[in-house]
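Q: Handing you this structure, nothing more for now.
Bear in mind these aren't lab numbers, they're just calculated from the coordinates by the rules spelled out. Keep in mind that what you see is a predicted model, and the values were worked out from it rather than measured. Don't worry about glycine lacking a Cβ; one is built from the backbone with ideal geometry, like all the others, and counts go over all protein chains shown.
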Amino acid sequence: MRSLPASAQVFIAVVIAAGVAVLAWTLPHVRFDNALLFLALMLMSNLTSAFKVTLLAASGSTLSVSYMVDFAALLLLGPAPTTLIAVTSAWSQCTFRMKQPTPWYRTLFSMASLAITVRAPLRTTVCFVSEASRVAASYRSLCTTAVVIPSKRAASAG
């Protein structure tokens, strides 16, 4: 890590610290309502993390097949258990079937970025749904007013 520019070192440290904070915040919220499903998805995610799809041949960028399992876990189990699944699959991806050992900071960075990635949409969704509910309530109120007031006027006029 010392060979990286100072700005890159700071960025990596901030992402790792944020990932640790997200994981620490997530752990108390993890519920194992369906422990068998959780274990099956964790196993599948860790096993499929070894399979990579090459995105651009020239760049050498890859995408892990385990992300498919992580998305399924997010839908089936919710964000808290999926955070654990994603973090362990990132560790597996950086540890097993590697041509060269992955530096420790890259492994931690990958784990942290997946923890953040799983939890960040939850905050966005909560804010969006909350705002959408508020707008929908205002719209319902407006529609009710637009329908009820003319109806009352018509009833009192007739």
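Q: Given a Förster distance of 35 Å, report the FRET efficiency between residue 54 and residue 32 from their Cβ-Cβ distance, rounded to the nearest 0.05. Could you put the intermediate results ahead of the total?
A: Values: r = 36 Å, r/R0 = 1.02.
Efficiency for this residue pair is about 0.50.
Q: Over the residues of segment 6-122, compute the C-alpha Rg and express it relative to 2.2 N^0.38 Å. Walk me through the intermediate numbers first.
A: Details: Rg = 14.3 Å, N = 117, 2.2 N^0.38 = 13.4 Å.
In units of the 2.2 N^0.38 Å rule of thumb, it is 1.07.
Q: Take the Cα atoms of segment 1-74, find their three principal axes, and give me the spread along each one in whole Å, biggest first.
A: Here the Cα extents, ordered largest to smallest, are 45, 35, 16 Å.
Q: Using θ = phi - 60° and the Karplus form 6.51 cos²θ - 1.76 cosθ + 1.60, what ³J(HN,Hα) does each residue of segment 97-112 get, whole Hz, x for Gly and Pro?
A: 6, 9, 5, 10, x, 7, x, 4, 6, 5, 5, 5, 4, 5, 4, 5
Q: Among 104, 25, rank each residue by its count of other Cβ atoms within 10 Å, from fewest to most, as a rough exposure measure.
A: Result, fewest neighbours first: 104, 25.
Q: Another question, then. Highest mean first, how do 78-86, 2-10 rank when packing is the count of other Cβ atoms within 10 Å averaged over residues?
A: 78-86, 2-10
Q: What span do the alpha-carbon atoms of segment 78-121 cover on each of the three principal axes, reported in whole Å from largest to smallest?
A: Sorted largest first, the three principal extents are 34, 16, 11 Å.
Q: Here's something else I'd like to know. Give me the number: length gained by fully extending residue 100 to residue 2, i.e. 0.36 nm times residue separation minus the C-alpha to C-alpha distance, one decimal in nm. Intermediate results must be reported in sequence, preceding the final value.
A: Numbers: separation 98, 0.36 × 98 = 35.28 nm, distance 1.85 nm.
Using 0.36 nm per residue and subtracting the Cα-Cα distance, I get 33.4 nm.
Q: Now, a different point. Residue-wise, which Karplus ³J(HN,Hα) couplings in Hz belong to segment 68-85, taking 6.51 cos²θ - 1.76 cosθ + 1.60, θ = phi - 60°, and x for glycine or proline?
A: 4, 5, 4, 5, 4, 4, 4, 6, 7, 10, x, x, 5, x, 5, 4, 5, 4
Q: Put one equal scatterer on each alpha carbon of segment 45-114, apply the Debye formula with no solvent term, and list log10 I(q)/I(0) at q = 0.23, 0.27, 0.29 1/Å to two decimals.
A: Once normalised to I(0) and log-transformed, intensities are -1.02, -1.25, -1.32.
Q: If amide H atoms are built 1.01 Å from N in the plane of the peptide, which residues on other chains or at least 5 residues away come under 5 Å of the amide H of residue 62?
A: Hits under the 5 Å cutoff: 55.
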